[in-house]
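Below is one structure; the comments refer to it alone.
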Amino acid sequence: MKKYAMPVIMLVVFETIAITLWLTKDNLFYLFNFSYIGLSISLGVFLFIQEYRHARRVVQLLVGLYMLVYLGLICNENMQIEGFWYYLFTGVFEAATIHYAVAKIFGPLIFGRGWCGYACWTAMVLDFLPYKVPKQPRRQLGWIRYITFAASLIFVAALFLAHVRNMERIMFWAFIIGNMLYYATGIILAFAFRDNRAFCKYVCPIAVFLKPMSYFSLIRVKCDKEKCVSCGKCKRVCPMNVDVTDNSRKRANGTECILCMECVRNCPKGAL
Ligand code: SF4
Ligand code: SF4
Ligand code: SF4
């Protein structure tokens, strides 16, 4: 039964968030929202334990489609970074601000970049592309993410400074256009660099939040040095170029780990 502790822990964490927000915000939506996400993630972890090959993709589709189609397109909630800035500037702790607090700012202290591996609707599409493992060496282009981060902040700040009306409508269209730009850029980069996750590594502004917080992540893949035979297979299958054999928090690309568990699945010695 011990091996089922993780899906139970994930469910308890999300149910705690769901019930706390439901009661403090007096809004039943939060109970539904975080219970659904928690159940989806717990199901994925359970399927992974059962060694179902596509466990991660199941969660990615369940959560990613829910957020993109239901919350974004049907409920008109902008969950992109500009939606976060928008709600932050209006001083409202709702929608995107709650989402960012849970998934991208404080949550990574517990589950690292699990968001990137199991929930992001941008990566949900990019992971269907052919370069699941990078076919070219990593490039020093991570600085681009700070430009996209600043651009999103300046865009929303400018709207506020100009006292633009119909901000909700603009945020909805920003969500549509922003997503189209993300998908187009992500697909072009994936083929140009022969790496599905090139967008995540170089362009995504959300990594500006995710990287420092996931440095302290409670949940990490660790290597049992007694079992490891230094075959290098884990590094060859890692989509994010993480040196997972190094147990230090400073390991190469450690803050990029998306907890996809490809290294764990492929280690011939069960060292991870
Ligand atoms: S880095 Fe950005 S695009 Fe990539 S999975 Fe994470 S949030 Fe999504
Ligand atoms: S795949 Fe396993 S045995 Fe091989 S280097 Fe990685 S941790 Fe060590
Ligand atoms: S393969 Fe391992 S080290 Fe690489 S991202 Fe996935 S879980 Fe993290």
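The table below lists the values:
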{"quantity": "Selection count, the stretch 148-198, where residues are surrounded by fewer than 19 Cβ atoms within 10 Å (Cβ to Cβ) and outside any helix (DSSP H, G or I)", "calculated": "6"}
{"quantity": "Filter pass, Ile258 being at pLDDT below 95, buried (at least 16 other Cβ atoms within 10 Å of the Cβ) and either at positive phi or more than 16 Å from ligand 2 (Cβ to nearest atom) (or both)", "calculated": "no"}
{"quantity": "Matching residues in the stretch 74-89 - criterion: being surrounded by fewer than 19 Cβ atoms within 10 Å (Cβ to Cβ) and free of Cβ contacts under 8 Å to residues at least 60 places away in the same chain", "calculated": "Ile74, Cys75, Leu88"}
{"quantity": "Complete set of residues in the stretch 104-116 that are more than 16 Å from Gly38 (Cβ to Cβ) and either within 9 Å of ligand 1 (Cβ to nearest atom) or crowded, with 21+ Cβ neighbours inside 10 Å (or both)", "calculated": "Lys104, Pro108, Gly112, Arg113, Cys116"}
{"quantity": "Near pairs, Cβ below 8 angstrom, 6+ apart or cross-chain, from the stretch 181-194 (under 15 Å from Met124 (Cβ atoms)) to any residue that is acidic (Asp, Glu) and part of a helix (DSSP H, G or I)", "calculated": "none"}
{"quantity": "Members of the stretch 213-250 found to be of a type in the set (Lys, Arg) and within 9 Å of ligand 3 (Cβ to nearest atom), listed by number", "calculated": "Arg220, Lys235"}
{"quantity": "Failed condition for Ala101, given (1) surrounded by 19 or more Cβ atoms within 10 Å (Cβ to Cβ); (2) within 15 Å of the chain's Cα centre (by Cα)", "calculated": "(1)"}
{"quantity": "Tabulated pairs, the stretch 240-254, first in contact (Cβ under 8 Å) with a residue 24 or more places away in the chain, second more than 16 Å from ligand 1 (Cβ to nearest atom) and not hydrophobic (A, V, I, L, M, F, W, C), C-beta under 6 angstrom, 6+ apart or interchain", "calculated": "Asn247/Lys222"}
{"quantity": "Val58 being β-branched (Val, Ile, Thr) and either buried (at least 20 other Cβ atoms within 10 Å of the Cβ) or in a loop (DSSP other than H, G, I, E, B) (or both)", "calculated": "no"}
{"quantity": "Conditions (1) under 21 Å from Arg145 (Cα atoms); (2) away from ligand 1 (no atom under 15 Å from the Cβ); (3) in contact with a Ser or Thr (Cβ under 6 Å, 6 or more places away or on another chain); number of the one not met by Thr255", "calculated": "(2)"}
{"quantity": "Test: residue in the stretch 82-96 that is at positive phi and among the hydrophobic types (A, V, I, L, M, F, W, C)", "calculated": "yes"}
{"quantity": "Residue under evaluation Thr255, criteria (1) in contact with a helix residue (DSSP H, G or I) (Cβ under 8 Å, 6 or more places away or on another chain); (2) near ligand 3 (Cβ under 10 Å from one of its atoms), criterion not met", "calculated": "(2)"}
{"quantity": "Qualifying positions in the stretch 172-231 - of a type in the set (Lys, Arg) and closer than 30 Å to Leu159 by Cα", "calculated": "Lys201, Lys211"}
{"quantity": "Members of the stretch 1-55 found to be polar (S, T, N, Q) and farther than 29 Å from Glu94 by Cβ, listed by number", "calculated": "Gln50"}
{"quantity": "Pair list, Cβ < 7 Å and 6+ apart or interchain, from the stretch 207-235 residues that are modelled with pLDDT of 95 or more to residues that are within 16 Å of ligand 2 (Cβ to nearest atom) and polar (S, T, N, Q)", "calculated": "Lys222/Asn247; Cys223/Thr245; Cys223/Asn247; Cys228/Thr245; Lys233/Asn266; Cys234/Thr245; Cys234/Asn266"}
{"quantity": "Test: residue in the stretch 31-49 that is part of a helix (DSSP H, G or I), modelled with pLDDT under 90 and farther than 30 Å from Lys3 by Cα", "calculated": "no"}
{"quantity": "Qualifying positions in the stretch 41-67 - under 23 Å from Ile19 (Cα atoms) and in contact (Cβ under 8 Å) with a residue 60 or more places away in the chain", "calculated": "Ile41, Gly44, Val59, Gly64"}
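The values are calculated or read from the model by the stated rules, or taken from the named source; none is laboratory data. Only a predicted model underlies this, so the values are computations on that prediction, with no experimental measurement involved. All Cβ positions, even for glycine, are placed from backbone atoms using ideal geometry, and neighbour counts span all protein chains on display.
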